[in-house]
Amino acid sequence: MAASIIDGKTIAQQIRGELTGEIAQLKARGVIPGLAVVLVGDDPASRSYVTAKEKACHEIGIYSADHRLPAATSQAELMALVRQLNGDPRIHGILVQLPLPKGLDESAVLLAIDPDKDIDGFHPINVGRMVIGEKAFLPCTPHGVIQLLVRSGIRIDGAHVVVVGRSNIVGKPLANLLLQKSPHGNATVTICHTRTKDIGHHTRQADIVVAAAGRPNTVTADMIREGAVVIDVGVNRIEDASKKQGFRLVGDVDFEAVRLKASFITPVPGGVGPMTITMLLYNTVASARRHHAG
Ligand code: GUN
């Protein structure tokens, strides 16, 4: 039987509806949540992500300050901008789009962001807090994946989840969140990566497979157990002359074949993507609330 499609757009819309009420309450107290988005260089994929983030802010009533800097920006200039945003009371969240152009020190930039404005959850303080189960800004894509599962009625507690990919942005934090002793955790987690000997051996034992490898067709039908849940985090551009933009987006999963075996599956686009942006809005609103608590 073909899998049910997990509709990320609908679930994202539901969460954005919840946020609208919270933003109205903050505004009634004179607080407008503010997000600063910093994009260095002109990588087309990064530009389109950043444009989507800015649009989502405007739609929901979050103030967004956009800083688009040339690829030749120096480390000192970027650090100075981060420090200025740290001190700007209109700004509750700072997002520096990754990856940065070659020559810029990503770790130093992330370390310079005030952890209380780190709505990406990439500062080592927030990463550490998350790992030990303390209150922290959770990274947006992993948090979005968990919300997709929870809001689709899929049980994480006790499930065996295989995460394919070990990036700092998705694989590592997602694996950590899933194994937390918490109602949305308690999974048994396996992480596979480019040096794993036989990825299929692991994924075939999974109740839930999360593909976050950044490569099309990483997860094929023979790698999936009948009835498993499949979450596709991949966003890959494939040349396609029939499209106006000259490309189409595909995930890391062989969607058409895997959907015939899985019980639930996320599409690309329209699955995890809308959730990432929504959890960014969620963290920005949470940060505004924390900055103006009491
Ligand atoms: N690049 C890819 N995903 C992300 C993200 O969630 N945040 C930032 N800052 N950069 C990214």
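FYI, it's all coordinate maths here, none of it is from the lab. The structure displayed is predicted, hence computed values, not measured ones. Heads up, the Cβs are rebuilt from the backbone with ideal geometry, glycines too, and the neighbour counts pull from every protein chain shown.
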(message) Restricting to region 127-147, give me the number of residues that are among the β-branched types (V, I, T) and either outside any helix (DSSP H, G or I) or in contact with a Leu (Cβ under 9 Å, 6 or more places away or on another chain) (or both).
(response) 4
(request) Please go through region 143-168 and pick out each residue that is farther than 20 Å from I199 by Cβ, within 16 Å of the ligand (Cβ to nearest atom) and of a type in the set (A, V, I, L, M). (result) I146, L148
(message) Where the second residue is among the small types (G, A, S) and surrounded by 19 or more Cβ atoms within 10 Å (Cβ to Cβ) and the first is free of Cβ contacts under 8 Å to residues at least 40 places away in the same chain and lies in region 202-218, which pairs have Cβ atoms under 8 Å and are six or more apart or on separate chains?
(response) R215/G234; P216/G234; P216/G251
(message) Could you tell me how many of the residues in region 252-293 are touching a residue at least 40 places away in the same chain (Cβ under 8 Å), among the β-branched types (V, I, T) and part of a loop (DSSP other than H, G, I, E, B)?
(response) 1
(message) Here are the criteria: (1) over 21 Å from I6 (Cβ atoms); (2) in contact with a Leu (Cβ under 9 Å, 6 or more places away or on another chain). Tell me which single one H202 does not satisfy.
(response) (2)
(request) Filter region 18-59 down to residues that are β-branched (V, I, T) and within 20 Å of F247 (Cβ to Cβ) and give me whichever is farthest from the ligand (Cβ to nearest atom). (result) T51
(request) Kindly provide the set of residues from region 262-273 that are in contact with a Lys or Arg (Cβ under 8 Å, 6 or more places away or on another chain) and surrounded by fewer than 23 Cβ atoms within 10 Å (Cβ to Cβ), ordered by number. (result) G270
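Residues checked against (1) in contact with a Phe, Trp or Tyr (Cβ under 9 Å, 6 or more places away or on another chain); (2) among the small types (G, A, S):
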| residue | (1), (2) |
| --- | --- |
| A206 | no, yes |
| D222 | no, no |
| I231 | yes, no |
| D254 | no, no |
| A257 | no, yes |
(request) Considering only residues that are surrounded by 17 or more Cβ atoms within 10 Å (Cβ to Cβ) and of a type in the set (K, R), look in region 100-137 and name the one that is nearest to the ligand (Cβ to nearest atom). (result) K117
(message) I'm checking my understanding of the structure. Among residues of region 45-54 that are touching a Lys or Arg at 6+ places or on another chain (Cβ under 9 Å) and either free of Cβ contacts under 8 Å to residues at least 60 places away in the same chain or more than 20 Å from E106 (Cβ to Cβ) (or both), which one is surrounded by the most Cβ atoms within 10 Å (Cβ to Cβ)?
(response) V50
